[in-house]
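Please read the structure below before turning to the comments.
The values are calculated or read from the model by the stated rules, or taken from the named source; none is laboratory data. Since the structure is predicted, the reported quantities are computational estimates derived from the model, not experimental observations. No Cβ is skipped: glycine too gets one built from the backbone with ideal geometry, and neighbour counts run over all protein chains shown.
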Amino acid sequence: MRVTSGFHGRRIQKTGGSTFIVSLPKTWVTGRGLGAGDVLLFSPRPDGSLTVYPDQSPKGEAARRTVIVSNKAEEAHLFRLLVSEYIAGAPLLELRTTERMSARTRNVIRSFAQRMIGPEILEETADAVVLQDVVGANPLPIPSVIHRMHQMVRAMHVDAMAAFKAQDASIAKDVVERDWEVDRLHWFVQKQVTTALRDARVLTSLGLTLPECATYLLASRTLERVADHAVRIAETVSMLGNESLPPALVADLERLHGVAATVLADALEALDAKDIERANTVIDQAQRVTQERQKILREIGSKRGRMAISLAYVLESLERSALYASDLAEIAINHAVERRTDTVAVAA
C-alpha cells in the first residue's frame, strides 16, 4: 500500500480471465462496521473518479437529530435556528425543551413547518416536537426550482412597480408577503446541495456534478436577493404617504425596470444555454443601467423629503437588480467554461 497526501494507493490485480480487483483499506472497512459479504455500491463521477459507499440506509435513531431549544429564545432567533437545521438535512428533527414546551415555541415551530418545503409534524409531546422531511431526497430538479424562483421574482418586481406607481398599499403588501415563497425555495436548494455534498447517493439522484450544484446555489442566492429589492420597492408605498409622484421620473424608473427585468431573464437563459456571448451582453447592459442611474439621480436631487428618499430607494433597487443579473451572467460564463471541453473562442 502507498499513501500519498492522504490518498491510499492500491494496485489493480487481475483474477481469472477478465476480472479486476482492488483491496480496500482495513481502517475504512472496520471503521464503518463492514465485513466479508457486505455489499458496496460504486458511482462513476463525470471527472473519471469512482465513489464507493456501503449499501446501508440510516437505521432507526441514526436518521434522527435532537436539538434542545429554549422557551426564552427570541422568535426570530429560534426560526433562524430551525432554518439552519432544515438546511443541514436531517430526515427526522426532534426539537426538545428542558421543561414543558411553551405555546409560543410551538407556534414558531408550526409556522416554520408550514412555510418550508418538506417538514411535517410527526409527533408532539409535552416537551418535544418531531418534524419529518416527507418530500425525500429529490422531489424537484434544482434547475426547475431556479426557473420557478425567477418567475416569482419577475412577477414580484412587476407588481412592486405597479404598487409604487399607483401608490397601492394592498399590492405592496402582497409583494412583501410573497417574498417568503422565494425564501423557501432558496432554502430548499441550500438543503439539497448540502445533502448532496455529504452523501454521494443524493448527488447521483440529483443528476448534477458538484460544480453544477455550486452554480445553482449561487444562482438561487442571487435571485433571492433580487426578490429582496422587489420588497424594498414595495415598501416605498407606505413611505410616500399622499405625495404625488412626478410622471417624468416615474416613466424613467419604469424604463429602467424594463431593462433590469430583461437582463435578468437573459442571464438565466445564458446560464441554461451555456452561452458566453449572451452573458457578456447582459453584463454590458447592466453597466449601462448604472450610467442611466446617474442621470436619473440628478433629477431626483431636485426633490425633497419623503419623495426624494422614496424615488432614490426605487432607483437603487432597480440598479442593484440589474447588477445581480450581471452577477448571474458571470456565473453563467463560469458554468459554460467549466462544462466545455473544446476550445473556446472569445468574440472580438
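For this structure, a couple of remarks:
- Residue check, residue 82 touching a Pro at 6+ places or on another chain (Cβ under 9 Å), among the hydrophobic types (A, V, I, L, M, F, W, C), without any contact (Cβ under 8 Å) to a residue 60 or more places away in the chain and outside any helix (DSSP H, G or I): no
- Residue ID - nearest to the chain's Cα centre (by Cα), chosen from residues in region 191-217 that are touching a residue at least 60 places away in the same chain (Cβ under 8 Å) and within 20 Å of residue 334 (Cα to Cα): 216
- The set of residues from region 27-49 being loosely packed, with under 10 Cβ neighbours inside 10 Å and either in a strand (DSSP E or B) or of a type in the set (D, E, K, R) (or both) comprises 42, 47.
- Residue match in region 251-266 (condition: more than 28 Å from residue 169 (Cα to Cα), charged (D, E, K, R) and at pLDDT 95 or above): yes
- Of all residues in region 146-203 being among the hydroxyl-bearing types (Ser, Thr, Tyr) and under 22 Å from residue 86 (Cα atoms), the one that is surrounded by the fewest Cβ atoms within 10 Å (Cβ to Cβ): 194
- Restricted to helices (runs of 4 or more DSSP H) entirely inside region 134-233, those with at least 1 residues that are basic (Lys, Arg), modelled with pLDDT under 95 and over 30 Å from residue 257 (Cα atoms) are 169-198, 200-206.
- Some residue of region 96-118 being in a strand (DSSP E or B) and in contact with a helix residue (DSSP H, G or I) (Cβ under 8 Å, 6 or more places away or on another chain): no
- Matching option when the condition is modelled with pLDDT of 95 or more and under 30 Å from the mean Cα position of the chain (by Cα), among 270, 312, 336: 270
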